[in-house]
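Undergrad: Pasting a structure here, questions to come.
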Amino acid sequence: MAGTAVLRPVTWRSARVVGLRDETATARTITLVVRDWPGHIAGQHVDVRLTAPDGYSAVRSYSIASAPNSDGRIEITVERLPNGEVSPYLTKELMVGDDLELRGPIGGWFVWRRGQTEPIQLVAGGSGIVPLMAMIRSRASAGSFAPFRLLYSVREPGAVFYRDELQALSDQDHSVIVTYAYTRVTPKDSPRPPGRIDAMLIAAGTWPSDLGPTSYVCGPTSFVENATDLLIAAGHGRENIRTERFGATGERK
Amino acid sequence: MAIISRGFAGRRSAAEAKLPPGQYLTTDFPVLSAGPTPHISLDRWEFTIDDGSRVLKRWDWKSFRELPSETITVDIHCVTRWSKLGTSWEGVSLDVLLADVKTDSPYAMFRSYGDYTTNLPLKGVLNKQAWVAFKFDGADLAPEHGGPARLLVPHLYLWKSAKWVKGMTLMEHDKPGFWEGLGYHIYGDPWLEQRYSDQ
């Protein structure tokens with residue numbers, strides 16, 4: 001499990017909110033211009049710090065959703081948690097023109113580098129799509145030919161992030177294949193009843209293990225446990241599966 | 001000179017005062033792992049201590065469970081910023097495991113099923129500071145939390161408490177383990193907020 005160290009100064013930087021857009025009824029994408037941003041690799045995250053007027057501060061980690069670029073601009077997508085301390089502020093209070101403090105990028109393991117040419121299997125549970133979307137966007141902006149597949153498990157059609165962009169990317173480039181799996185409510189034309197990911201869906205919606213894909217699985221703990229067990233049962237080597245999990249109150253992503 | 005977040009009040013509680021800097025309280029038990037959860041059967045499980053060239057000690061599950069164990073109630077702190085107070089574990093202390101190991105090596109690399117590693121100085125694990133734990137809250141430790149047995153080093157960030165631990169290699173010199181080689185701090189004291197390697 002050797003990885004390449006990503007050692008960069010992780011000092012706090014100021015970041016200005018330059019764009020806000022709702023992804024779903026409870027999730028919002030925040031576009032930030034970060035002063036002296038050193039650049040990132042798809043899959044990495046940042047720490048965001050909020051400070052109250054009396055000096056009290058709270059920090060949470062959020063995955064970067066955008067592709068690496070050189071203009072100091074990043075996007076994060078934040079899902080509002082009902083009892084969250086930071087996510088309600090970021091998804092409801094924050095306005096264009098506000099400044100935040102941010103540090104990163106952080107993480108050198110759950111990353112996709114543009115030099116990787118092997119097939120890539122992405123498996124997302126809910127807001128676990130965010131770092132995987134950074135990988136899909138990184139592939140597109142780099143003009144990579146690495147074959148990508150995404151298996152995206154989501155509660156209901158209205159909870160899908162980035163739907164139009166995913167559709168456009170898979171329409172224009174058939175080597176990004178997207179399969180949706182709905183756990184509670186399906187669209188009217190869905191051939192599959194709602195339910196969590198199972199062996200049949202893994203067989204139909206992921207690369208076969210003999211193609212030697214690297215898999216990235218991100219979502220809540222129980223989702224990641226289930227999906228990785230199914231991938232291993234389907235013949236994937238555990239050394240080729242990378243995971244990122246978040247707990248119910250983890251507020252990761 | 002922090003930037004003040006207009007309209008942000010935050011939520012504070014008396015319990016937050018007991019936390020290391022930058023941590024928040026959680027009452028559930030989030031999981032952070034780099035890869036799939038290994039499922040290790042007890043008849044295959046072992047824990048070994050070696051010095052890099054030879055095995056000095058070896059326990060199978062039965063002989064390990066015959067060692068004296070203790071119940072520990074401790075606070076735990078994850079580098080991803082959650083802390084959980086008053087967690088209850090049962091485990092065998094490193095003092096017991098290292099009792100008749102003669103060594104001058106000041107460091108150890110802990111090794112896990114699933115190939116995870118983490119480095120620790122012996123002075124950070126001896127004297128009732130670390131355990132190989134096999135129960136959480138009175139029940140067998142679940143695989144996603146590191147079962148059958150994990151290291152528990154509650155005074156450091158939780159990535160040092162290697163899940164699925166299977167042994168330790170004594171070392172002359174300190175060397176980064178898995179997360180330490182990916183930019184996390186070589187020691188990881190939450191009270192000093194030693195999160196990242198450039199601190």
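The values are calculated or read from the model by the stated rules, or taken from the named source; none is laboratory data. Predicted model only: the values in this text are computed from it and were never measured. Glycine gets a Cβ as well: all are built from the backbone with ideal geometry, and neighbour counts include every protein chain shown.
Undergrad: Which one of these does A:Arg139 not meet: (1) modelled with pLDDT of 95 or more; (2) within 14 Å of chain B (Cβ to nearest Cβ); (3) more than 19 Å from A:Val48 (Cβ to Cβ)?
TA: Here A:Arg139 meets the rest and fails (2).
Undergrad: Sticking with this one: Can you tell me which residue within region A:52-69, out of those that are away from chain B (no Cβ under 14 Å) and of a type outside the set (Val, Ile, Thr), is surrounded by the most Cβ atoms within 10 Å (Cβ to Cβ)?
TA: A:Ala65
Undergrad: Now, a different point. In region B:30-51, how many are free of Cβ contacts under 8 Å to residues at least 60 places away in the same chain and surrounded by 12 or more Cβ atoms within 10 Å (Cβ to Cβ)?
TA: Residues of region B:30-51 free of Cβ contacts under 8 Å to residues at least 60 places away in the same chain: B:30, B:41, B:43-44.
Among the residues that remain, those that are also surrounded by 12 or more Cβ atoms within 10 Å (Cβ to Cβ) are: B:30.
Total meeting the criteria: 1.
Undergrad: Test of understanding: among A:Glu165, A:Glu239, which residue is of a type in the set (D, E, K, R), within 14 Å of another protein chain (Cβ to nearest Cβ) and out of contact with any strand residue (DSSP E or B) (no Cβ under 9 Å at 6 or more places or on another chain)? Can you show your working first?
TA: Values: A:Glu165 fails: within 14 Å of another protein chain (Cβ to nearest Cβ).
Selected residue: A:Glu239, the only one of A:Glu165, A:Glu239 that is of a type in the set (D, E, K, R), within 14 Å of another protein chain (Cβ to nearest Cβ) and out of contact with any strand residue (DSSP E or B) (no Cβ under 9 Å at 6 or more places or on another chain).
Undergrad: Say we look at region A:111-136 and pick out the residues that are closer than 17 Å to A:Gly39 by Cβ and surrounded by 22 or more Cβ atoms within 10 Å (Cβ to Cβ); which of these is nearest to the other protein chains (Cβ to nearest Cβ)?
TA: Among residues in region A:111-136 that are closer than 17 Å to A:Gly39 by Cβ and surrounded by 22 or more Cβ atoms within 10 Å (Cβ to Cβ), the one nearest to the other protein chains (Cβ to nearest Cβ) is A:Val111.
Undergrad: Could you list, in sequence order, the residues of region B:152-199 that are more than 18 Å from B:Asp115 (Cα to Cα) and in contact with a helix residue (DSSP H, G or I) (Cβ under 6 Å, 6 or more places away or on another chain)?
TA: Across region B:152-199, the qualifying residues are B:Val153, B:Tyr157, B:Ile186, B:Gly188.
Undergrad: When only residues in region B:167-189 that are of a type outside the set (D, E, K, R) and within 19 Å of A:Gly104 (Cβ to Cβ) count, which is farthest from the other protein chains (Cβ to nearest Cβ)?
TA: B:Gly188
Undergrad: Which condition does B:Asn119 not pass, out of (1) in contact with a His (Cβ under 8 Å, 6 or more places away or on another chain); (2) outside any loop (DSSP other than H, G, I, E, B), if it passes all the others?
TA: (1)
Undergrad: Just one of (1) acidic (Asp, Glu); (2) touching a residue at least 24 places away in the same chain (Cβ under 8 Å); (3) away from chain B (no Cβ under 14 Å) trips up A:Asp22, so point out which.
TA: (2)
Undergrad: Take the residues of region B:52-104 that are part of a helix (DSSP H, G or I) and touching a residue at least 24 places away in the same chain (Cβ under 8 Å): which is farthest from B:Ser41 (Cα to Cα)? First the steps, then the outcome.
TA: Taking region B:52-104 and keeping what is part of a helix (DSSP H, G or I), we get B:61-65, B:94-97.
After this cut, where a residue has to be touching a residue at least 24 places away in the same chain (Cβ under 8 Å) as well, the list is B:61, B:64-65, B:94-97.
Details: B:Trp61: 10, B:Phe64: 14, B:Arg65: 15, B:Leu94: 23, B:Asp95: 26, B:Val96: 24, B:Leu97: 21 Å.
The residue in question is B:Asp95.
Undergrad: Continuing with the same structure: Restricting attention to region B:157-199, which residues are over 22 Å from B:Arg65 (Cβ atoms), in a loop (DSSP other than H, G, I, E, B) and without any contact (Cβ under 8 Å) to a residue 60 or more places away in the chain?
TA: Listed by number, the residues that qualify are B:Pro176, B:Gly183, B:His185, B:Asp189, B:Gln194, B:Ser197, B:Asp198, B:Gln199.
Undergrad: Also, quick follow-up: Looking at this structure, is B:Leu85 in contact with a Pro (Cβ under 8 Å, 6 or more places away or on another chain) and more than 21 Å from B:Leu122 (Cβ to Cβ)?
TA: no
Undergrad: Can you find a residue in region A:100-109 that is under 12 Å from the mean Cα position of the chain (by Cα) and within 21 Å of A:Val217 (Cα to Cα)?
TA: No - not one qualifying residue is present in region A:100-109.
Undergrad: Same structure, new question: Would you pick out the residues in region B:2-24 that are more than 10 Å from chain A (Cβ to nearest Cβ) and either more than 19 Å from the chain's Cα centre (by Cα) or free of Cβ contacts under 8 Å to residues at least 40 places away in the same chain (or both)? Steps first, please.
TA: Let us first name the residues in region B:2-24 that are more than 10 Å from chain A (Cβ to nearest Cβ), namely B:13-15, B:17-20.
The answer is B:Ser13, B:Ala14, B:Ala15, B:Ala17, B:Lys18.
Undergrad: So if I check each of B:Asp137, B:Asp174, B:Asp198, which one is surrounded by fewer than 24 Cβ atoms within 10 Å (Cβ to Cβ) and at pLDDT 95 or above? Walk me through how you get there before you give the answer.
TA: Working: B:Asp137 fails: at pLDDT 95 or above; B:Asp198 fails: at pLDDT 95 or above.
Step by step, each of B:Asp137, B:Asp174, B:Asp198 is checked, and only B:Asp174 is surrounded by fewer than 24 Cβ atoms within 10 Å (Cβ to Cβ) and at pLDDT 95 or above.
Undergrad: Moving to a separate point now. Does any residue of region B:125-138 turn out to be within 14 Å of chain A (Cβ to nearest Cβ), of a type outside the set (Phe, Trp, Tyr) and part of a loop (DSSP other than H, G, I, E, B)? Can you show your working first?
TA: Step one: filter region B:125-138 for residues within 14 Å of chain A (Cβ to nearest Cβ), giving none.
Among the residues of region B:125-138, not one is within 14 Å of chain A (Cβ to nearest Cβ), of a type outside the set (Phe, Trp, Tyr) and part of a loop (DSSP other than H, G, I, E, B), which makes the answer no.
Undergrad: Pick from A:Leu81, A:Leu102: which is touching a Pro at 6+ places or on another chain (Cβ under 8 Å), more than 30 Å from A:Ile232 (Cα to Cα) and within 13 Å of chain B (Cβ to nearest Cβ)? Break it down stepwise before answering.
TA: Details: A:Leu102 fails: touching a Pro at 6+ places or on another chain (Cβ under 8 Å).
Answer to the selection: A:Leu81.
Undergrad: Residues that are under 25 Å from A:Ala67 (Cβ atoms) and acidic (Asp, Glu), at least 1 per element: which helices (runs of 4 or more DSSP H) completely within region A:130-236 meet that?
TA: Qualifying helices (runs of 4 or more DSSP H): A:163-172.
Undergrad: So if I check each of B:Thr80, B:Thr27, which one is surrounded by 16 or more Cβ atoms within 10 Å (Cβ to Cβ), among the polar types (S, T, N, Q) and facing chain A (nearest Cβ under 9 Å)?
TA: That would be B:Thr80, the only listed residue that is surrounded by 16 or more Cβ atoms within 10 Å (Cβ to Cβ), among the polar types (S, T, N, Q) and facing chain A (nearest Cβ under 9 Å).
Undergrad: While we're looking at this one, here's another question. Checking A:Pro191 against (1) at pLDDT 90 or above; (2) out of contact with any strand residue (DSSP E or B) (no Cβ under 6 Å at 6 or more places or on another chain): exactly one of these is not met. Which one?
TA: Going through the list (1) at pLDDT 90 or above; (2) out of contact with any strand residue (DSSP E or B) (no Cβ under 6 Å at 6 or more places or on another chain), A:Pro191 breaks only (1).
Undergrad: Then there is this: Quick one: B:Pro154 ticks every box in (1) within 11 Å of the chain's Cα centre (by Cα); (2) surrounded by fewer than 23 Cβ atoms within 10 Å (Cβ to Cβ); (3) part of a strand (DSSP E or B) bar one, so which box is it?
TA: The failed condition is (3).
Undergrad: Out of all the residues in region A:203-210, is one or more over 24 Å from A:Pro157 (Cα atoms) and within 12 Å of chain B (Cβ to nearest Cβ)?
TA: no
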